[in-house]
Amino acid sequence: MVRGVCCLRPNVKGMSENIAVTAIIGRFLEHGRIYVFANKGKFQSESNLVYMASADIMPRNLYHRVEAFIPLENKTVRSQILDQVLPALINDTKNTWQLNKNGEYSKKINKDKTFCAHTYFMKNPSLSGQGSLAKI
């Protein structure tokens, strides 16, 4: 999931046919810089490698700046990312755009346009560290 520019081309035979690139463009400009690698395992499992970064992984950020890319080891934070944040983003049906293999985005057509990840995050304060999960 990306916010805007993505140089990766999905669905290219022999390279990226198992990759989909989705953008959620809605109320908020900022986005999380969360990276989850299934590591040849099941997505959203304990064996996933979960990282956060201070910038997008782009040449201008990697070669001309000092940025941080660190693993998330805290079990509560990992749980929030894998069980709440990612499913909300994956299931957004209101603001989703799909990147085609030709490099163009098209609005993802959904019959049910009722779920908005941005609204979900605003209504669930536990994701901000102020709700019930922060007390565990």
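Values for this structure:
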item: Candidates Gly26, Gly41, Gly103: whichever shows maximal mean-square fluctuation once the chain is modelled as a Gaussian network with Cα springs under 10 Å; result: Gly41
item: Diffusion constant of the stretch 10-57 at 37 °C, which comes from Stokes-Einstein with the Kirkwood Cα-pair radius and 0.692 mPa s, µm²/s; result: 251
item: Local electrostatic count at Ser54 - Lys and Arg +1, Asp and Glu -1, tallied over other residues with Cβ under 12 Å; result: 0
item: Options Val36, Gly26, Ala55, ranked by Cα towards positive dipole end of the chain, top entry (Cβ charges); result: Gly26
item: Whichever lysines have a C-alpha closer than 23 Å to that of Lys94, once near sequence neighbours (fewer than 8 apart) are set aside; result: Lys107, Lys108, Lys111, Lys113, Lys123
item: Cα-based Rg and Dmax for the chain, where Dmax is the largest Cα-Cα distance (Å); result: 15.9, 47
item: Charge-dipole axis of the chain as Lys and Arg at +1 and Asp and Glu at -1 on Cβ define it, positive-most pick from Tyr105, Val66, Ala117; result: Tyr105
item: Spin-label proximity, Ser54 to the stretch 72-106 - amide N less than 19 Å from point 7 Å beyond Cα toward beta carbon; result: 72-73
item: In sequence order, calculated HN-Hα J values of the stretch 65-75 (Karplus, 6.51, -1.76, 1.60; Hz; x Gly/Pro); result: 9, 9, 10, 10, 9, 10, x, 8, 9, 5, 4
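Readers should treat all values here as calculations from the given coordinates under stated rules, not as data from a laboratory. What you see is a predicted model, and the numbers here were worked out from it, not measured in a lab. Don't worry about glycine lacking a Cβ; one is built from the backbone with ideal geometry, like all the others, and counts go over all protein chains shown.
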